[in-house]
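Data block below; observations after.
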Amino acid sequence: MRIDVVSIFPSYFDGLTLSLLGKARDSGILDLHVHDLRDWTHDRHRTVDDTPYGGGAGMVMKPEPWGLALDDLTAGLDTRPTIIFPSPAGELFRQSTARELAHREHLIFGCGRYEGIDERVFEYASTLGDVRLMSLGDYVLNGGEVAVMAMTEAIGRLIPGVVGNPESLVEESHEDGLLEYPSYTKPSTWREREVPPVLLSGNHGAIAAWRREQQIERTRQRRPDLLAE
Ligand code: ADE
């Protein structure tokens with residue numbers, strides 16, 4: 001998979017050289033490129049923002065650098081990329097979204113800052129690729145960078161070969177619409193706290209049933225919205 005990220009803070013993404021995604025990049029499974037939006041400005045101050053038409057607080061990202069960046073990153077492609085703009089006003093990014101996007105050949109992420117990006121950029125981008133505005137959740141970040149880090153990790157780990165043991169992807173929270181069951185390791189007694197005896201029983205049927213109950217009970221307590229779905 002190829003991923004291009006455009007940001008005015010490219011060094012945010014230095015963390016993506018670490019751990020499993022770093023290895024995936026080294027082995028060529030993940031071809032990740034981070035670009036500085038200011039490289040597509042042509043004025044002395046490398047300006048990327050301006051005041052909003054109609055008034056109001058804050059600054060808006062100018063369309064021109066975004067247009068040039070998108071032109072360059074989509075030039076000569078034979079397939080339409082998926083172009084994702086993180087935004088608190090977007091659709092919710094979920095595990096099912098990560099699963100869907102892990103099958104795409106090419107993702108382009110555009111990180112907005114300030115009060116957002118000039119709305120015409122999204123229309124223009126949709127002439128070059130499939131545009132999605134995606135929110136991590138109902139809270140506001142200072143910009144799209146942290147959201148893109150999270151989405152890249154959630155998507156990247158689902159690309160075949162990135163996580164060493166694919167079994168570990170199956171029994172995770174959100175894979176079947178429930179939260180994950182609790183996990184324990186040795187020692188069986190720690191600070192007067194016992195591991196649930198069923199896990200030491202060797203009875204695989206009983207263990208599977210207990211884990212399922214735990215998943216349902218946890219989901220009921222912590223995320224009743226998921227059970228309703
Ligand atoms: N940018 C600012 N807040 C965001 C959020 N909640 N999700 C995605 N991008 C954002």
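Some values worked out for this structure:
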{"item": "Close pairs (6 angstrom Cβ cut-off, 6 or more residues apart or separate chains): without any contact (Cβ under 8 Å) to a residue 60 or more places away in the chain in region 15-29, open to solvent by less than 70 Å² (accessible area, probe 1.4 Å) anywhere", "result": "ARG25/LEU32"}
{"item": "Unique match (being closer than 19 Å to ILE216 by Cα and either of a type in the set (D, E, K, R) or touching a residue at least 40 places away in the same chain (Cβ under 8 Å) (or both)) among LEU178, LEU128", "result": "LEU178"}
{"item": "Matching entry among VAL170, VAL148 (being of a type outside the set (Phe, Trp, Tyr) and either within 16 Å of the ligand (Cβ to nearest atom) or in contact with a strand residue (DSSP E or B) (Cβ under 9 Å, 6 or more places away or on another chain) (or both))", "result": "VAL148"}
{"item": "ALA228 closer than 25 Å to SER96 by Cα and of a type in the set (Gly, Ala, Ser)", "result": "yes"}
{"item": "Positions within region 140-151 being more than 8 Å from the chain's Cα centre (by Cα), part of a helix (DSSP H, G or I) and surrounded by 19 or more Cβ atoms within 10 Å (Cβ to Cβ), in sequence order", "result": "GLU145"}
{"item": "Hits in region 76-107 (condition: in a loop (DSSP other than H, G, I, E, B) and touching a helix residue (DSSP H, G or I) at 6+ places or on another chain (Cβ under 8 Å))", "result": "PRO81, PHE93, ALA102"}
{"item": "Odd one out for ILE29 among (1) at pLDDT below 95; (2) of a type outside the set (Gly, Ala, Ser); (3) open to solvent by 60 Å² or more (accessible area, probe 1.4 Å); (4) not in a helix (DSSP H, G or I)", "result": "(3)"}
{"item": "Matching residues, region 122-138, being assigned to a loop (DSSP other than H, G, I, E, B), more than 7 Å from the ligand (Cβ to nearest atom) and open to solvent by less than 60 Å² (accessible area, probe 1.4 Å)", "result": "SER126, LEU128, GLY129"}
{"item": "Checklist (1) under 23 Å from GLU229 (Cα atoms); (2) open to solvent by 10 Å² or more (accessible area, probe 1.4 Å); (3) hydrophobic (A, V, I, L, M, F, W, C) applied to LEU158, failing item", "result": "(1)"}
{"item": "The lone exception for ARG220 - which of (1) touching a residue at least 40 places away in the same chain (Cβ under 8 Å); (2) touching a helix residue (DSSP H, G or I) at 6+ places or on another chain (Cβ under 9 Å) it fails", "result": "(1)"}
{"item": "Pick from region 111-121, criterion open to solvent by less than 70 Å² (accessible area, probe 1.4 Å) and of a type outside the set (A, V, I, L, M, F, W, C), ranking: nearest to the ligand (Cβ to nearest atom)", "result": "GLY112"}
{"item": "Criterion violated by ALA154 - all others in (1) modelled with pLDDT of 95 or more; (2) in a loop (DSSP other than H, G, I, E, B) satisfied", "result": "(2)"}
{"item": "Qualifying residue in region 211-221 (condition: assigned to a loop (DSSP other than H, G, I, E, B) and either surrounded by 10 or more Cβ atoms within 10 Å (Cβ to Cβ) or not aliphatic (A, V, I, L, M) (or both))", "result": "no"}
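Every residue, every condition in (1) more than 16 Å from the ligand (Cβ to nearest atom); (2) surrounded by fewer than 17 Cβ atoms within 10 Å (Cβ to Cβ), yes or no:
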residue: GLY55; (1), (2): yes, yes
residue: ASP71; (1), (2): yes, yes
residue: THR74; (1), (2): yes, no
residue: PRO81; (1), (2): yes, no
residue: ARG94; (1), (2): no, yes
residue: PHE109; (1), (2): no, no
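The values are calculated or read from the model by the stated rules, or taken from the named source; none is laboratory data. Note that the coordinates shown come from a computational prediction; the quantities given were computed from them, not determined experimentally. Methodologically, a virtual Cβ is constructed for each residue, glycine included, from the backbone with ideal geometry; neighbour enumeration extends over all protein chains shown. Note: accessible area is taken over every heavy atom of the protein model, side chains too, but ligands, DNA and RNA are not part of it. Shrake-Rupley method; radii C 1.70, N 1.55, O 1.52, S 1.80 Å.
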